[in-house]
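Only one structure is covered here, and it is reproduced in the block below.
The values are calculated or read from the model by the stated rules, or taken from the named source; none is laboratory data. From a predicted model like this one, the values you see are computed outputs, not experimental measurements. Virtual Cβ from ideal backbone geometry, glycine too; neighbours counted across all protein chains shown.
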Amino acid sequence: MNRQVQGSVFIGNASELDPLETHLVETQAGRFCVRRWRDEWIVHSAVCPHMLGPLNEAELDKHGNITCPWHGYRFDVSTGQNIDAKCNDLMQAPRLIERDGKLYLD
């Protein structure tokens, strides 16, 4: 379970999080995925804007894009942009911060 720390949401110790898994984080702003991509932790919306599909179930492709498992809409996780311009872009993700080996969403 995530907890609030000085306005931030604590995700976990970076060394203890499985880099091969997608970590689902609930915040007051929404649901987000924290995962490893090219040797760094990234964050993106866990919800497709089309029909609220589960982007936490989507795999990153070699270009850093995800595809919604429900209807195939594709998104660039670094910008949140819908690649095919067929639906809205992803909700803006909070900033991911690493402090003293701990990960937070700010």
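Observations on the structure shown:
- Top-ranked residue in the stretch 62-81 [being of a type in the set (Ser, Thr, Tyr) and within 12 Å of the chain's Cα centre (by Cα); ranked as farthest from Ile42 (Cα to Cα)]: Thr79
- Conditions (1) over 24 Å from Glu16 (Cβ atoms); (2) touching a Cys at 6+ places or on another chain (Cβ under 6 Å); number of the one not met by Leu55: (1)
- Picking from residues in the stretch 16-33 that are closer than 17 Å to Gln92 by Cα and aliphatic (A, V, I, L, M), the one that is surrounded by the most Cβ atoms within 10 Å (Cβ to Cβ) is Val25.
- Every pair of residues 6+ apart whose Cβ atoms lie under 6 Å, when the first sits in the stretch 54-78 and is without any contact (Cβ under 8 Å) to a residue 60 or more places away in the chain while the second is of a type in the set (D, E, K, R) and not in a loop (DSSP other than H, G, I, E, B): Asn65/Arg74; Asn65/Asp76; Thr67/Arg74; Pro69/Glu57
- Consider the stretch 82-96 and keep the residues that are closer than 17 Å to Arg31 by Cα and not basic (Lys, Arg). The one that is nearest to the chain's Cα centre (by Cα) is Ala93.
- Lone qualifier among Thr27, Thr22, Thr67 - being under 19 Å from Leu105 (Cα atoms), among the hydroxyl-bearing types (Ser, Thr, Tyr), out of contact with any Gly (no Cβ under 7 Å at 6 or more places or on another chain) and modelled with pLDDT of 95 or more: Thr22
- Residues (among the hydrophobic types (A, V, I, L, M, F, W, C), touching a strand residue (DSSP E or B) at 6+ places or on another chain (Cβ under 6 Å) and surrounded by 15 or more Cβ atoms within 10 Å (Cβ to Cβ)) located in the stretch 82-106: Ile83, Leu90, Met91, Ala93, Leu96, Leu103, Leu105
- Considering the conditions (1) touching a Phe, Trp or Tyr at 6+ places or on another chain (Cβ under 9 Å); (2) exposed (fewer than 14 other Cβ atoms within 10 Å of the Cβ), Leu55 is excluded by exactly one of them, (2).
- Boolean, Asp76 is surrounded by fewer than 17 Cβ atoms within 10 Å (Cβ to Cβ) and touching a strand residue (DSSP E or B) at 6+ places or on another chain (Cβ under 7 Å): yes
- Pairs, first at pLDDT 95 or above in the stretch 35-47, second aromatic (Phe, Trp, Tyr) and surrounded by 13 or more Cβ atoms within 10 Å (Cβ to Cβ), C-beta under 7 Å, six or more apart: Val43/Phe32; His44/Phe32; Ser45/Phe32; Ala46/Phe32
- Residues within the stretch 59-73 that are surrounded by 19 or more Cβ atoms within 10 Å (Cβ to Cβ) and either among the hydrophobic types (A, V, I, L, M, F, W, C) or farther than 19 Å from Gln92 by Cα (or both), tallied: 2
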